[in-house]
1. What are the residues in the range 20-36 that are in contact (Cβ under 8 Å) with a residue 60 or more places away in the chain and either within 18 Å of GLN189 (Cα to Cα) or surrounded by fewer than 24 Cβ atoms within 10 Å (Cβ to Cβ) (or both), if any?
2. Counting only residues that are surrounded by fewer than 20 Cβ atoms within 10 Å (Cβ to Cβ) and touching a strand residue (DSSP E or B) at 6+ places or on another chain (Cβ under 6 Å), which one in the range 165-177 is modelled with the lowest pLDDT?
3. Quick one: which helices (runs of 4 or more DSSP H) lie wholly within the range 53-129 and hold at least 2 residues that are at pLDDT 90 or above and farther than 18 Å from ALA25 by Cα?
4. Go through the range 232-257 and give me each residue that's under 22 Å from the mean Cα position of the chain (by Cα) and either at positive phi or of a type in the set (Val, Ile, Thr) (or both).
5. Looking at the range 72-86, which of its residues are in contact with a strand residue (DSSP E or B) (Cβ under 7 Å, 6 or more places away or on another chain) and surrounded by fewer than 16 Cβ atoms within 10 Å (Cβ to Cβ)?
Amino acid sequence: MAPFIGRILLATDFSECAARAQGYAVFLATACQAKLDILHVLEFQPGMDPDFPVNSLYLEQLRKETDRQLDDLVNRAKQAGLAAQGQHVLGIPSQRINEKAKDSDADLVVLGTHGRTGLEHILLGSTAERVVKGAPCPVLTVRLAKPPGRAAEAGQAAVPAGIRHVLAPVDFSDCSLDALEYAVQVAKQFGSAVTILHVLEPVSYGLDFALVHAAEEHKMRKRLETRLADLATLLTSHGLQAKHVMRGGLPADSILEFVRGQGCDLIVMGTHGRRGVSHLISGSVAEAVLRRAECLVLTVKSPKFSPGHKRVVLDAARRPV
């Protein structure tokens, strides 16, 4: 099977969290024989004059230190047998990362995330979430392991143990089924087991517990169980170890609870990349999971597959529930 990832963009801020992301980027690039681009964004807000003497001096010092660190990362990647190159650019991190991903035709963006929540998230936002919304390809976000490891403190990228168990949440939208298709490619590449998870939201069934609603809910559950079983059987027929699970509750909470209980290595899930009013009203399950998950999260808004790719998750799986 031809690797489905040919070019990876690693975005780094040289933090301990970014060092762990680097480990996964090198791991994936090695497994897929992919080229590795390493990008650092010198954060510089619009409206500031880079030619102003004080700003110019600051940027020059920053560039020198950045070049040294990038050269170090590129050399390590080359020692691992990878085709790698580094670059630094000026601007707003999320914007420049997505621009680079588009310009380089990256198949995957890899970056670390600190997983901020609450007030800290409201005040500072998240570069990772902004990248996910605007990236032209799937995005792998890597949280910092707890407790911090000595390897990362010393500037060394942690070596991943592998990707043994992939969780693919589906709501049967085209977006989630595209993500399941991507999860299948990951599982084939790494020999991973796949669990397909569907979460039944209480709000979907109203608050009237009359018999007619109970009967409709039972029928709905049966239809969903059949759809999930069909998807798991389809994956099994392609040589994968697959099972399906249905749970109730709020999607993000149920996904994270399952991960904690089952020890998943990677969550692969779709995101609509909503912006503006739509995002404020509906929010994003993917963002909520990304912010709180302790395992890897791979968000798929614009899936990219290798030329000649034949879909496993067929169009028949996209019929209405």
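The values are calculated or read from the model by the stated rules, or taken from the named source; none is laboratory data. Because the structure is a prediction, the values reported are computed rather than measured. With ideal geometry, Cβ positions are generated from the backbone for all residues, glycine too; neighbour counts draw on all protein chains shown.
1. So the first thing to find is which residues in the range 20-36 are in contact (Cβ under 8 Å) with a residue 60 or more places away in the chain, and the list is 20-28, 31-32, 34.
Answer for the range 20-36, where residues must be in contact (Cβ under 8 Å) with a residue 60 or more places away in the chain and either within 18 Å of GLN189 (Cα to Cα) or surrounded by fewer than 24 Cβ atoms within 10 Å (Cβ to Cβ) (or both): ARG20, GLY23, TYR24, ALA25, VAL26, PHE27, LEU28, ALA31, CYS32, ALA34.
2. So, considering only residues that are surrounded by fewer than 20 Cβ atoms within 10 Å (Cβ to Cβ) and touching a strand residue (DSSP E or B) at 6+ places or on another chain (Cβ under 6 Å), the one modelled with the lowest pLDDT is CYS175.
3. Details: elements: 53-79, 93-103, 118-124.
Hits in the range 53-129: 53-79, 93-103.
4. VAL245, ILE255, listed by residue number.
5. Residues of the range 72-86 in contact with a strand residue (DSSP E or B) (Cβ under 7 Å, 6 or more places away or on another chain): 73-74, 77-78, 82-86.
Selection gives LYS78, ALA83, GLN85.
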